[in-house]
Amino acid sequence: MEEKINKYINDITNISNSNELDAESIKEQYLGKKGILSQLLSEFKSLTNEQKKKNGKLLNEFKILVNDKLKNSGVTKKTNKKKSLNIDFSLPSTFEKTGSIHPLSIIKHKIIQIFENVGFEISSGPEIEDDWHNFSALNMPQNHPARDMQDTFFININPDTLLRTHTSSVQIRYMESNDPPMRIISPGRVYRNEDISARANCFFHQIEGLYIDENVSFADLKKIIVYFLQKLFGEKVKTRFRPSFFPFTEPSAEVDIYWGLNNESDYRITKGTGWLEIMGCGMIDPNVLDNVNIDSKKYSGYAFGLGIERIAMLLFQIDDLRLFFENDIRFLRQFRSLNLS
Ligand code: PHE
């Protein structure tokens, strides 16, 4: 045994001062559970007292040598622990940067909540539409001049496929596959072939509303619109219904709200009038009901379509529509403190 220990002592003294990785493996090799030291110790147990005296000293020497070797390489457990606890808890912490909800999403969510609270359900439809759902079923047959009201992006001609110009197409889809009574809103993106400016873009967002039941009247329409605007802009909001024309509603109206002319951006947003049109609405034309096989003698209904950008411009005092779509981080950051509640 003496020889063996001497050999190990020789080995360990010959190992050059090692880096941390080597030190880890030395530790395992010499001090590990099945390492050299524990093997020697179990051999030691079976020695006679006489032999124990001789070898005990040597064994001890060997153990000290191994430990010294490890200490020099700086890998003992204790020093490791000290290193990792060397943290200054008084330093300021780092903050994760959070994103923000897009202003249009904030407004969309607010509007949806108001209508959901009074029983409207959400329904959606495709952005790529056919002629029937975007035009014909809405009382705008081929060559009807009213089609010119909305400059259309066509994807394909004959059969016509196009980017929907309004969310009214979802009305048709919903009426085709459901029976009255029905009460839905459908938020979505719409496209028009318009020059981009501070007040117009080639795509924007609308929320369509549709209500059909027996004996629905214009008074019901007016009531829901005023209720909605008061919830969104406050009880004191000033509104006006202006007679208008849409092929799919009769009578039709446009709704303006009075925003006032308190500052320059009010002038720009409202073209100097103080009023801004924010939606079109009306009683659904009986022809439309007939087109989707709803009995127009029994049922009547109203529809409305409002522009989300217009409302966001008013509420956030933004006088250039393009800001919503450029995704300039300096613009978007301003909405970080707002959430969806
Ligand atoms: N679809 C019309 C538009 O985009 C708005 C509207 C919807 C008008 C529903 C009346 C009824 O201009």
Look through Asn327, Asn293, Asn263 and report the one residue that is within 34 Å of the chain's Cα centre (by Cα) and at positive phi. Asn327
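Suppose the filter is at pLDDT 85 or above and open to solvent by 100 Å² or more (accessible area, probe 1.4 Å); does Asn117 pass it?
Working: at pLDDT 85 or above: yes; open to solvent by 100 Å² or more (accessible area, probe 1.4 Å): yes.
Yes: the conditions hold for Asn117.
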For Met279, only one of the following conditions fails: (1) more than 25 Å from Ser105 (Cα to Cα); (2) open to solvent by less than 40 Å² (accessible area, probe 1.4 Å); (3) among the aliphatic types (A, V, I, L, M). What is its number? (1)
Filter result (under 26 Å from the mean Cα position of the chain (by Cα) and within 16 Å of the ligand (Cβ to nearest atom)) within region 296-320: Gly305, Leu306, Gly307, Ile308, Glu309, Arg310, Ile311
Helices (runs of 4 or more DSSP H) contained entirely in region 1-84, each with at least 1 residues that are exposed (fewer than 14 other Cβ atoms within 10 Å of the Cβ) and modelled with pLDDT under 80: 2-14, 20-26, 49-73, 77-84
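Table: residues versus (1) in contact with a helix residue (DSSP H, G or I) (Cβ under 6 Å, 6 or more places away or on another chain); (2) open to solvent by less than 60 Å² (accessible area, probe 1.4 Å); (3) under 24 Å from Thr165 (Cβ atoms).
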| site | (1), (2), (3) |
| --- | --- |
| Ser296 | yes, yes, no |
| Tyr299 | no, yes, no |
| Leu306 | no, yes, yes |
| Arg310 | no, no, yes |
| Gln317 | yes, no, no |
| Leu321 | yes, yes, yes |
| Phe325 | no, yes, yes |
| Phe331 | yes, yes, no |
| Leu338 | yes, no, no |
Note down all Cβ pairs under 7 Å where the first residue falls in region 203-220 and is open to solvent by less than 40 Å² (accessible area, probe 1.4 Å) and modelled with pLDDT of 95 or more, the second is part of a loop (DSSP other than H, G, I, E, B) and more than 10 Å from the ligand (Cβ to nearest atom), and they're at least six residues apart or on different chains. Gly209/Phe120; Ile212/Pro180; Ile212/Pro181; Ile212/Ile294; Ile212/Tyr299
Take the residues in region 251-276 that are in contact with a strand residue (DSSP E or B) (Cβ under 8 Å, 6 or more places away or on another chain) and among the polar types (S, T, N, Q), then tell me which one is surrounded by the most Cβ atoms within 10 Å (Cβ to Cβ). Thr270
Residue in region 120-139 that is within 16 Å of the ligand (Cβ to nearest atom) and loosely packed, with under 12 Cβ neighbours inside 10 Å present: no
Tell me, which residue of region 266-277 that is in a loop (DSSP other than H, G, I, E, B) and more than 32 Å from the chain's Cα centre (by Cα) is modelled with the lowest pLDDT? Lys271
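Just checking, how many residues over region 151-193 are of a type outside the set (Phe, Trp, Tyr), under 17 Å from Phe204 (Cβ atoms) and open to solvent by 20 Å² or more (accessible area, probe 1.4 Å)? So that I can check it myself, show each step before the final result.
Kept after step one, since they are of a type outside the set (Phe, Trp, Tyr), are these residues of region 151-193: 151-152, 155-173, 175-190, 192-193.
With under 17 Å from Phe204 (Cβ atoms) added as a condition, the list becomes 151-152, 162-170, 185-190, 192-193.
Still in the running and open to solvent by 20 Å² or more (accessible area, probe 1.4 Å): 151-152, 163, 187, 189, 192-193.
Final tally of qualifying residues: 7.
The values are calculated or read from the model by the stated rules, or taken from the named source; none is laboratory data. The model shown is predicted, which means the values in this text are computed figures rather than measured ones. Using ideal geometry, Cβ is built from the backbone for each residue, glycine included, and neighbour counts are taken over all protein chains shown. With ligands, DNA and RNA removed, areas are computed over all heavy atoms of the protein, side chains included. Shrake-Rupley method; radii C 1.70, N 1.55, O 1.52, S 1.80 Å.
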